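Below is one structure, written out as structure tokens; comments come after it.
The values are calculated or read from the model by the stated rules, or taken from the named source; none is laboratory data. None of the values given here were measured: they were computed from a predicted structure. Every residue, glycine among them, receives a Cβ derived from its backbone with ideal geometry; neighbour counts consider all protein chains shown.
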Amino acid sequence: MNAKQELARLGKESLALIETVEKRGNGFTDQERSTLKSNEARMLELKAELAKLDPDMDPEQVAQDQALLAQLKSQGSGSFAPDHGNGRGQGGLPVTDGAPLAVAPAAVKATARELSSRLVTTGPSGQKALIAGGTATATIVARDLAAQPQMPTSILSMLKTAALDSPTYRYLRQTSRAMNAAAVAPGETKPTSTIGLTPVEDHLRVVAHVSDGLNKYDLLDTRNLQAFVENEFRWGLLHKVEQLVLTGDGLGETPTGLLAQSGIQTQPFTDDLLTTVRKAITAVETLGFVPNVIAMTPGDWEAIELLQTSGSGEFVMASSPVDRAARKLFGVQVVTSTALPAGTAVVADLSEVTLFTDRRGVMAEWNGQGQEDFETNKLRLRVEGRFGLGVGQPSAVVQVDTTAA
């Protein structure tokens with residue numbers, strides 16, 4: 001078997017495995033992941049050999065293929081795979097701190113489709129064949145067509161996530177704490193300390209949206225268009241989830257967000273924005289928590305970066321306790337969010353907060369079976385997921401006023 005034949009065999013074997021995982025929808029097993037990694041390593045070796053032998057092979061295309069296979073490797077291992085979670089969260093649930101919400105099955109689907117479009121084509125006989133580097137002629141969506149800007153950070157990336165097997169969940173919320181420990185002489189009665197715990201029962205809420213009809217041949221002819229559309233819709237879904245996590249009012253199927261939780265602290269505007277935020281940090285620390293996030297609007301973060309001294313007019317940031325490169329205030333990570341109301345920020349210890357989802361994560365499904373869509377060659381995308389919030393310690397969250405009343 002020559003190099004091209006072996007490369008084709010390994011490509012088909014990897015694609016068949018990816019398609020199997022897509023249909024199954026629960027992520028790679030350890031054995032499957034090992035097989036893909038082994039195939040990947042050998043395919044990279046073969047591509048390098050062929051690139052030396054074939055002067056017409058586009059080296060840039062080879063590099064892109066290698067990068068794509070590396071992406072598959074990283075997504076196959078999955079930084080957040082509910083099936084293999086190692087951590088334990090509330091109620092013994094698997095948890096991964098700061099895990100992305102594009103959980104393993106969804107991320108694998110996007111990569112699988114891109115890998116399929118790049119590595120294989122359908123010939124006249126209908127058989128899938130490996131595309132030699134540089135020979136593909138399908139249109140590629142340029143990177144600068146990434147449509148609307150997507151926010152670089154999100155409070156979701158700071159939250160623990162827990163995958164549930166049931167759409168309902170229950171956890172304990174601490175509502176009070178009175179610690180009366182004291183030195184006690186022999187024979188004396190020990191003081192009593194109390195904590196108040198309240199059981200909270202809730203359920204996962206569906207968050208979803210559907211595309212308008214997309215022309216089937218646009219999706220077929222433009223190689224990256226399907227992945228592009230799916231990524232845009234995933235971003236739109238998670239932006240809404242972030243908004244619900246922060247400001248959900250708890251009415252109907254809307255979850256109760258952090259700012260609507262009973263028992264959170266509030267910090268009025270005091271003197272200036274830096275002083276106000278620092279007092280909110282103190283409020284969290286006074287109760288024994290360790291604040292790990294400051295969420296504020298992009299406008300409020302801009303105001304902090306543009307603060308100037310009253311005398312010389314120098315920027316305060318140049319000599320303040322602000323880490324501009326890491327975007328930290330007083331050592332606490334700042335995330336900017338357009339989901340926050342104007343004039344409001346949040347300082348919190350998010351280790352006391354859990355975002356619940358199901359084991360399917362964010363699902364992207366295409367459907368063109370409606371009669372009208374079928375008659376007009378239209379396909380529609382539905383992206384959805386189920387989410388819920390658990391706040392074990394509301395007092396670890398401070399709502400901050402960033403402007404004077």
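Out of all the residues in the stretch 248-272, which are crowded, with 18+ Cβ neighbours inside 10 Å, assigned to a loop (DSSP other than H, G, I, E, B) and not hydrophobic (A, V, I, L, M, F, W, C)?
Selection gives GLY248, PRO255, GLY257, GLN261.
When you go through VAL241, VAL245, VAL277 one by one, which is the residue that is touching a Phe, Trp or Tyr at 6+ places or on another chain (Cβ under 6 Å), in the same structural domain as LEU389 (by TED's automatic domain parsing) and either of a type in the set (Ser, Thr, Tyr) or assigned to a helix (DSSP H, G or I) (or both)? Show your work before the answer.
On the way: VAL245 fails: touching a Phe, Trp or Tyr at 6+ places or on another chain (Cβ under 6 Å); VAL277 fails: touching a Phe, Trp or Tyr at 6+ places or on another chain (Cβ under 6 Å).
Step by step, each of VAL241, VAL245, VAL277 is checked, and only VAL241 is touching a Phe, Trp or Tyr at 6+ places or on another chain (Cβ under 6 Å), in the same structural domain as LEU389 (by TED's automatic domain parsing) and either of a type in the set (Ser, Thr, Tyr) or assigned to a helix (DSSP H, G or I) (or both).
Looking only at the stretch 346-405, which residues are surrounded by fewer than 18 Cβ atoms within 10 Å (Cβ to Cβ), of a type in the set (Asp, Glu) and outside any helix (DSSP H, G or I)?
If the condition is that a residue be surrounded by fewer than 18 Cβ atoms within 10 Å (Cβ to Cβ), of a type in the set (Asp, Glu) and outside any helix (DSSP H, G or I), then GLU365, GLU384, ASP401 are the ones that fit.
Return the residues of the stretch 180-193 that are surrounded by fewer than 10 Cβ atoms within 10 Å (Cβ to Cβ) and under 45 Å from the mean Cα position of the chain (by Cα); say none if nothing qualifies.
Of everything in the stretch 180-193, those that are surrounded by fewer than 10 Cβ atoms within 10 Å (Cβ to Cβ) and under 45 Å from the mean Cα position of the chain (by Cα) turn out to be ASN180, ALA181, THR192.
Could you run through the stretch 160-179 and say how many residues are of a type outside the set (Ser, Thr, Tyr) and closer than 12 Å to HIS203 by Cα?
Residues that pass the stated criteria total 4.
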